Protein chains: 2
Amino acid sequence: MPALKFDILKKDSKTGARLGIMHLPHGDVETPVFMPVGTLGTVKTLTPEELKEEVKTSLILGNTYHLFLRPGMEIMKKAGGLHAFMHWDRNILTDSGGFQVFSLGALRKITEEGVEFRSHLSGEKKFLSPEKSVEVQNIIGSDIMMAFDECAPYGSSYEYVKNSMERTTRWETRCKEFHKNTEKQALFGIVQGGFFKDLRKKSVEDLVKLDFPGYAIGGISVGEPKEEFLDILRYTAPLLPEEKPRYLMGVGTPDYLIEAVIAGVDMCDCVLPTRIARNGTAFSKYGKLVIRNAEFAEDFRPIEETCDCYTCRNYTRAYIRHLIKCNEVLGARLLSIHNLRFLERLMEDMREAIKEDRLLEFRDEFYKNYGIESE
Amino acid sequence: MPALKFDILKKDSKTGARLGIMHLPHGDVETPVFMPVGTLGTVKTLTPEELKEEVKTSLILGNTYHLFLRPGMEIMKKAGGLHAFMHWDRNILTDSGGFQVFSLGALRKITEEGVEFRSHLSGEKKFLSPEKSVEVQNIIGSDIMMAFDECAPYGSSYEYVKNSMERTTRWETRCKEFHKNTEKQALFGIVQGGFFKDLRKKSVEDLVKLDFPGYAIGGISVGEPKEEFLDILRYTAPLLPEEKPRYLMGVGTPDYLIEAVIAGVDMCDCVLPTRIARNGTAFSKYGKLVIRNAEFAEDFRPIEETCDCYTCRNYTRAYIRHLIKCNEVLGARLLSIHNLRFLERLMEDMREAIKEDRLLEFRDEFYKNYGIESE
């Protein structure tokens, strides 16, 4: 039996949105889902219990590149994989490491075989290839693995993107062939093709032949204007097999999440909610609140009156501002819990809206409160 | 009715140790007790729930100097005091701010009226006096307040210490007169006198006349050799009124805690357990473990097999080392929980040992395991 079974419970009648459930080795995941990012085997500042009990997280993301360097695969193997190592008994998705090694710029060299790079920490020479990425992810033991791809930078030429996309298809083919542990780990394909629709179409056609249990859209939300993001998102998502989960990588602002779900995306991840938390910023339904600002110094309300999270149940904006101003870790913790819970509630609300066939109305209402102009 | 009622349940027959209970506005505190330090309205990295449920803390310490500067007393007043501000419903003890302002060195000027100083943060001119310290602690709303004293630096001359001690007595007299809220906040006196026994004796005699509900020993554990510490501790503690709680300020190593309890001390505090946690060091019954060291990279045991804390129940040394090496906040959190729980368990064990009249045996056994030579 394969590691993943995906049931679509309902499709929205006016948009591409779907309500679903992914059955995975470490429990069920309701979709659309937002995945908190746990780069180094910890969702920054939080415990697994906080993720389960306060955020209501069922699936987190781990970064193959970072875990490959630290703690390294010798220790990961001896620990019995990432779930045991970090004390997390729900699902984990790992990326392939591709995005991070390509981001190293001058520190890496791409060949058909794979990517040679220098560790951003030690300068030590390392190598990642499709086979190596799968091997590493097998050791990590993630429930969903990602195929090794190249994410072409925004602004790359047609020629570059075409070559890169074709090589990505060859690399993903090698990943598929190399991955044996299919009963415990589902390997997803990643569509590339930059901002060229014919290349996106070709990428989808080639990858669909490989029959991955799920597909990601890579290479967007990489710095382009919002119109271009939406254009490629709306073009690509519907090309993907309907009965399989669709994952949009690296998206975490409320409006991008909403548009992704409307376009038919089932999964998203981003470091944004925890990163802005550490900088002293909170999500709220009325837009972002820069809690570190002086205006909150004597504001004794919770971040959001209607939020059910630990932070909003117990602490005021004034106290959290004080913590952030004093660089106290608890400030980052409290905002991380709230921001992740905020996005989880957004996904819950969207699942409910799909169920009741009112997703577009939900979007309009959300945008009005949040201060985002609808197109 | 006064804020504090102190019952001594049992005295150890072979040492000065006492088993007691302090009845305070925010619940009972079993003594001897160790108080975690929450400098800026947060015990660094932890939530109140973690302190209550995992560490089993009944009393924490807050720093008047730091809270006076941040968030400042305007906000503290509007928040309704520190308990409400920081979401802590158990007891709080505040120091007087004296120790911190004297530590400012060139930034402060002492007169009979009080201490003028510059904020270590903004450079702004500020003033603390006996009356001001009491006023600030009244706003903070701590259950136990400390009188404003001068802690003379280690190595000060007899003349300096004598003058300083005498002024301290005058200042504490002013504190006592100024403090009105005695039903909700117990004001403790602080004995000074440096390392001169006659001055210690004189300080105790003068302060006992003021009839404080509890007494602290200040001005030791300030950098002196252990023999001198023990000498003054053992000389001073028995001079204090037997029926009142005795508090030794700024002590947090296991051996100092044990010797303090044996000398008849009921309360101690220190930043040590949380500070060394952030540096990657853990207490254990076999001595300190520098978890960040390479020797723990593949050590998949808990910090202490027999510890009942959240950290030891769920995480390995290898994982915590990985977190610390990666500067992940969760590492400091997990070690802070363990180190505070370790000292709380030490106090629990000593309370049990006093009950069973075997405190000296407990000490010998503890020292043997920990690798401390008994005198």
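Where a number appears in this text, it was derived from the coordinates with a stated rule and is not lab data. Being a predicted model, the structure only gives us computed values, none of them experimental. Quick reminder, even Gly has a Cβ in these numbers, built from the backbone with ideal geometry, and neighbours come from all protein chains shown.
Tabulated values for the structure
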item: Residue match in region B:111-123 (condition: in contact with a Leu (Cβ under 6 Å, 6 or more places away or on another chain) and among the basic types (Lys, Arg)); result: yes
item: Which listed residue, of B:Gly81, B:Gly98, B:Gly41, B:Gly20, is within 14 Å of chain A (Cβ to nearest Cβ), touching a Phe, Trp or Tyr at 6+ places or on another chain (Cβ under 9 Å) and not β-branched (Val, Ile, Thr); result: B:Gly41
item: Candidates A:Glu344, A:Glu328, A:Glu304, A:Glu365, filtered to the one that is out of contact with any helix residue (DSSP H, G or I) (no Cβ under 6 Å at 6 or more places or on another chain) and more than 12 Å from chain B (Cβ to nearest Cβ); result: A:Glu365
item: Residue match in region B:263-275 (condition: in contact with a Ser or Thr (Cβ under 6 Å, 6 or more places away or on another chain), within 11 Å of chain A (Cβ to nearest Cβ) and touching a residue at least 60 places away in the same chain (Cβ under 8 Å)); result: yes
item: Hits in region B:44-58 (condition: within 17 Å of the chain's Cα centre (by Cα) and away from every other protein chain (no Cβ under 11 Å)); result: B:Leu51, B:Val55, B:Lys56, B:Thr57, B:Ser58
item: Single residue of B:Glu242, B:Glu298 found to be among the acidic types (Asp, Glu), within 11 Å of chain A (Cβ to nearest Cβ) and farther than 21 Å from A:Val329 by Cβ; result: B:Glu298
item: Selected residue (criterion: surrounded by the most Cβ atoms within 10 Å (Cβ to Cβ)) from residues of region B:1-34 that are in a strand (DSSP E or B) and among the charged types (D, E, K, R); result: B:Arg18
item: Helices (runs of 4 or more DSSP H) wholly inside region A:35-100 that include at least 3 residues being surrounded by fewer than 24 Cβ atoms within 10 Å (Cβ to Cβ) and in contact (Cβ under 8 Å) with a residue 60 or more places away in the chain; result: A:73-79
item: Test: residue in region A:298-307 that is under 24 Å from the mean Cα position of the chain (by Cα) and not aliphatic (A, V, I, L, M); result: yes
item: Among (1) of a type in the set (A, V, I, L, M); (2) free of Cβ contacts under 8 Å to residues at least 40 places away in the same chain; (3) surrounded by 17 or more Cβ atoms within 10 Å (Cβ to Cβ), the one test that B:Leu187 misses; result: (2)
item: Pairs with Cβ under 8 Å, 6+ apart, first in region B:229-247 and touching a residue at least 12 places away in the same chain (Cβ under 8 Å), second surrounded by 15 or more Cβ atoms within 10 Å (Cβ to Cβ) and polar (S, T, N, Q); result: B:Phe229/B:Ser221; B:Pro245/B:Thr31
